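I have placed the structure first, in the form of structure tokens, so that the comments after it can refer back to it.
The values are calculated or read from the model by the stated rules, or taken from the named source; none is laboratory data. These numbers come from a predicted model, not from an experiment. Quick reminder, even Gly has a Cβ in these numbers, built from the backbone with ideal geometry, and neighbours come from all protein chains shown.
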Amino acid sequence: MNQIPSPHEVFPNEYRTSCFIKNVIRAPNIVVGDYTYYDCDSHPEAFEQNNVLFNYPEFGDRLIIGKFCAIASGTKFIMGPANHRISSVTTYPFHVFGGPWSERTPPHLAQLPVKGDIVVGNDVWIGRESIIMPGVKIGDGAIVAAYSVVTAEVPPYSVVGGNPARFLKQRFDGELIALLQKLRWWDLEPEQLVEYLPLLCDPDLEKVRRILKETVSKPDGP
């Protein structure tokens with residue numbers, strides 16, 4: 001039997017356009033789960049440098065991405081230091097240019113609004129050239145359409161798109177979403193996950209519902 005793909009590979013297949021980005025992250029405030037990949041024709045391993053913008057860990061915000069996410073080419077995560085001061089009559093960042101300007105203004109980072117962490121759940125698909133703004137939360141199983149600008153929370157298993165991104169639809173009904181959230185297949189052991197793959201990829205959702213009802217109702221879970 002072929003080996004189960006390792007989450008520790010940088011390039012998990014021969015094409016070298018997909019990168020398991022957990023293995024190339026160096027910033028202490030970026031956390032990425034197993035098997036989450038960034039796909040790009042040119043140097044996907046440079047995700048942290050090219051796709052996480054204005055990241056200054058000392059500012060205090062984090063980028064947290066779950067497991068098994070698919071991040072398409074050109075997606076950008078905008079961190080909090082990209083903001084400007086908005087509490088005063090001018091937004092101009094005088095302090096960063098030094099001299100008397102910095103002597104007569106508060107430290108730049110201390111003036112910025114704090115939006116909090118960007119948190120992306122598990123099994124999230126983010127379409128090409130999307131932009132995720134500071135403080136946004138994206139739930140498990142969500143889909144972000146290509147060229148979207150996400151400025152607000154995205155519910156689990158929903159589809160959003162546009163600029164700014166708006167809710168388009170819920171992927172499944174509430175019962176099936178609840179079953180999937182209880183299953184949490186992304187946390188299964190690798191060998192156990194292999195056994196679930198036919199079910200996870202089955203388009204017969206009523207069959208999936210029926211089996212999940214039988215599975216997650218067991219006292220010890222899946």
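Of the numbered conditions (1) farther than 24 Å from Asp34 by Cβ; (2) more than 22 Å from the chain's Cα centre (by Cα); (3) not in a loop (DSSP other than H, G, I, E, B), Pro198 satisfies every one except a single condition; which is it?
(1)
Among the listed residues Gly161, Gly135, Gly141, identify the single one that is in the same structural domain as Asn51 (by TED's automatic domain parsing), over 18 Å from Val216 (Cβ atoms) and in a loop (DSSP other than H, G, I, E, B).
After ruling out the rest, the residue left standing is Gly135.
Mind telling me which of the residues Pro7, Pro12 ends up being touching a Lys or Arg at 6+ places or on another chain (Cβ under 9 Å), surrounded by 15 or more Cβ atoms within 10 Å (Cβ to Cβ) and either assigned to a helix (DSSP H, G or I) or in contact (Cβ under 8 Å) with a residue 12 or more places away in the chain (or both)?
Result: Pro7 is the single residue among Pro7, Pro12 that is touching a Lys or Arg at 6+ places or on another chain (Cβ under 9 Å), surrounded by 15 or more Cβ atoms within 10 Å (Cβ to Cβ) and either assigned to a helix (DSSP H, G or I) or in contact (Cβ under 8 Å) with a residue 12 or more places away in the chain (or both).
Kindly indicate which of Ile25, Ile71 is among the aliphatic types (A, V, I, L, M), in contact (Cβ under 8 Å) with a residue 40 or more places away in the chain and closer than 27 Å to Ile143 by Cβ.
Of Ile25, Ile71, the one residue that is among the aliphatic types (A, V, I, L, M), in contact (Cβ under 8 Å) with a residue 40 or more places away in the chain and closer than 27 Å to Ile143 by Cβ is Ile71.
Taking His108 as meeting all but one of (1) without any contact (Cβ under 8 Å) to a residue 12 or more places away in the chain; (2) in contact with a His (Cβ under 7 Å, 6 or more places away or on another chain), write down the number of the exception.
The single condition His108 does not satisfy is (1).
For Arg184, all conditions in the list (1) surrounded by 15 or more Cβ atoms within 10 Å (Cβ to Cβ); (2) within 16 Å of Val124 (Cβ to Cβ); (3) in the same structural domain as Arg128 (by TED's automatic domain parsing) hold save one; what is the number of the exception?
Of everything listed in (1) surrounded by 15 or more Cβ atoms within 10 Å (Cβ to Cβ); (2) within 16 Å of Val124 (Cβ to Cβ); (3) in the same structural domain as Arg128 (by TED's automatic domain parsing), Arg184 misses just condition (3).
Restricting attention to segment 104-124, which residues are part of a loop (DSSP other than H, G, I, E, B) and polar (S, T, N, Q)?
Thr105, Asn122
Phe77: crowded, with 19+ Cβ neighbours inside 10 Å, touching a Phe, Trp or Tyr at 6+ places or on another chain (Cβ under 8 Å), of a type in the set (Phe, Trp, Tyr) and free of Cβ contacts under 8 Å to residues at least 60 places away in the same chain, yes or no?
no
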